[in-house]
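Only one structure is covered here, and it is reproduced in the block below.
Please treat every number below as a calculation from the coordinates, not as lab data. Keep in mind it's a predicted model, so treat the numbers as computed, not measured. Cβ coordinates were reconstructed from backbone atoms using ideal geometry, including for glycine residues, and neighbour counts include every protein chain displayed.
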Ligand code: GLP
């Protein structure tokens, strides 16, 4: 049943604290369905999805099978889609995905499993798809269909433009979808262009449909699908009107829903400091007036009359939020020594501070907070940059090839002496051969991954050198979960946490800068955040922890909204240039960060624009006009541990 605060939602939506809580509920529902149908002597027909989103559900189903006797003997499954052109053995095929994550770990008979084939010759695809539809019908129709959602709003591979009554068919993939898959396939060029997918119509015929979404990257598309009138440009929105469809999402994925973003529009409020700030900044933005120029009439006309009555008049509200916003700005991110710090984001003492910047992969640190790192360092803080993973999965072959060619040629050209058993040049030649005849199935060998790690290490060294950070202040953790995994198949464990605990204990920082709290917990930055959480939990009783301030940077290509910024660090034009210069060093990361609106921008252009825009937002609400700003949100230790 929907409540007042869900009045904007056209699809019943449940918001969960985190993805594992949501996945538990979905898995329990599936288990209950299987059991009750078993009792009635019926088979259960499940519609299954791939991607990172359903992974926690599959994990829980496997647990239920192993520990609570859930049997899949009478379950029939149909997967949504498959890339066209991939053999079932290809590591990125959805066949592999499903067998590795679920089918091989439960007792489902293989002839009850259906995943569209990626190897049907083009001429036979049409007929094949017809048969797929017929088989679903023959099995009795889908009882329970689970879905993820792509950033184009696709379900299965039904890209924008798919019609409500579309059936299983061959489709071509949207360029954003292909860019999102680029990391899985180690390069966009390797991502198939076509796929076979169940249609929107096929999905709508299922008795129950549950769409899941985790992480802030999905927030906008979830909001549109749930709240906007359905249209074919957003296939997930076509689920509206299905008699039994539900969205199960985590808090970051819910952040753009009206009840979260503008809660005063959906019902009575319990006004708090944070919600007042949010409302006033939103108002200033909506009516395009600086805070101090907002009038009672602006509040009344934009649905904030209640705030005015309870906490107004406008003049008081304006001053209050103006001051709060003003106090977030500081040129001293490590605290200003000898200054009154009563309204500064950071403490004056101790000074200088030990600062630890945690970067999920090389580049995140510089792109998100290069200017701040430069300031901290310049102002005397003891800054350590720690790179949690090597990032080697995101280095294109072409880059590794360039370096190996250089090594192999150097030997010939410079006539290096060949006394060692294997010269560097010989090793390079062997690795080059490997790159030229890749075994796609197996992925890169350990040696190639090492070469790629070195590429990123050296980029990190060059970039931090530009910012004048001493080289002995760089730590490369190369966490094992990453070295032993691949995208969507990372298995972090105690070993990773232990490495992080050691680092924290060695440095005993006064400030930690980190990211990932809003990411899908299956992504590299999401995993790194979870590891930090676990490490902090273990360290919660250490003495030094009570002096720790935790600052979060939002992530590459993203910035905190004004109302959530606790510290805004202005950058001078020269500082912004320096940061952009430093970002240039990350050559292996060209075009690696897929953002819909910035498809043709390089990462340094994105970061430059983002920091200028943040300064622009401060200016627009009536603060001083700066060239650029990097922003941070503060977290309490207890808040992090509970996230
Ligand atoms: C792919 C799949 C979809 C999935 C989407 C989102 O394109 N075909 O079924 O929902 O990606 O993936 P993820 O869950 O990894 O975000």
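Structure values in brief
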read-out: Calculated SAXS-style log₁₀ I(q)/I(0) at q = 0.07, 0.09 Å⁻¹ - the chain, Debye, Cα scatterers; value: -0.51, -0.84
read-out: Range of Cα positions in the range 287-435 per principal axis (Å), largest first; value: 84, 41, 22
read-out: Residue-averaged [θ]222 nm for the chain, counting only DSSP H segments that reach four residues, each worth -39500 (n - 2.57); value: -12500 deg cm²/dmol
read-out: Rounded, prolate or oblate (a/c below 1.5 giving rounded, otherwise prolate when a/b exceeds b/c) for the range 228-369 by Cα gyration tensor; value: oblate
read-out: Extension gain, residue 430 back to residue 87 (0.36 nm per residue minus Cα-Cα distance, nm); value: 120.7 nm
read-out: Whole-Å semi-axes of the range 123-192's equivalent ellipsoid (Cα gyration tensor); value: 25, 15, 12
read-out: Radius, Kirkwood style, for the range 498-562 when every pair of distinct Cα atoms is counted (Å); value: 12.6 Å
read-out: Computed FRET value (nearest 0.05) for residue 639 with residue 340, which takes r as the C-beta separation and R₀ as 25 Å; value: 0.40
read-out: Shape category assigned to the range 68-125 from the gyration tensor of Cα positions, a/c cut at 1.5; value: prolate
read-out: Value of D in µm² per second that Stokes-Einstein yields for the range 430-553, Kirkwood Rh from Cα pairs, at 4 °C (1.567 mPa s); value: 78 µm²/s
read-out: Among beta bridges that DSSP assigns inside the chain, antiparallel share in %, nearest 5; value: 30 percent
read-out: Taking 340, 143 and counting other C-beta atoms within 10 Å, the order from fewest to most; value: 340, 143
read-out: Using distinct alpha-carbon pairs, which all enter the 1/r mean, Kirkwood radius of the range 147-278 in Å; value: 16.0 Å
read-out: Descending semi-axes in Å of the range 262-326, equivalent ellipsoid built from Cα gyration tensor; value: 16, 13, 11
read-out: Order of 84, 242, 154, 465 under a 10 Å beta carbon neighbour criterion, fewest first; value: 465, 242, 84, 154
read-out: The range 217-303 - Kirkwood radius from inverse mean 1/r over Cα pairs (Å); value: 15.0 Å
read-out: Gap separating the Cα centres of the range 138-195 and the range 504-560, nearest whole Å; value: 34 Å
read-out: Bins of 10 Å from zero: percent of alpha-carbon pairs in the range 338-385; value: 25, 48, 24, 4
read-out: When the convex hull of its Cα atoms is projected in every direction, mean area for the range 528-643 (nm²); value: 9.1 nm²
read-out: Among 261-267, 51-57, 457-463, 354-360, the order from most to least packed when residues are scored by Cβ within 10 Å on average; value: 354-360, 51-57, 457-463, 261-267
read-out: Calculated Rg and Dmax of the range 13-259 using C-alpha coordinates, Å; value: 17.0, 50
read-out: Ranking of 349, 43 by count of other Cβ atoms within 10 Å, fewest first; value: 349, 43
read-out: Alpha carbon centroid spacing (whole Å) that separates the range 1-53 from the range 302-354; value: 43 Å
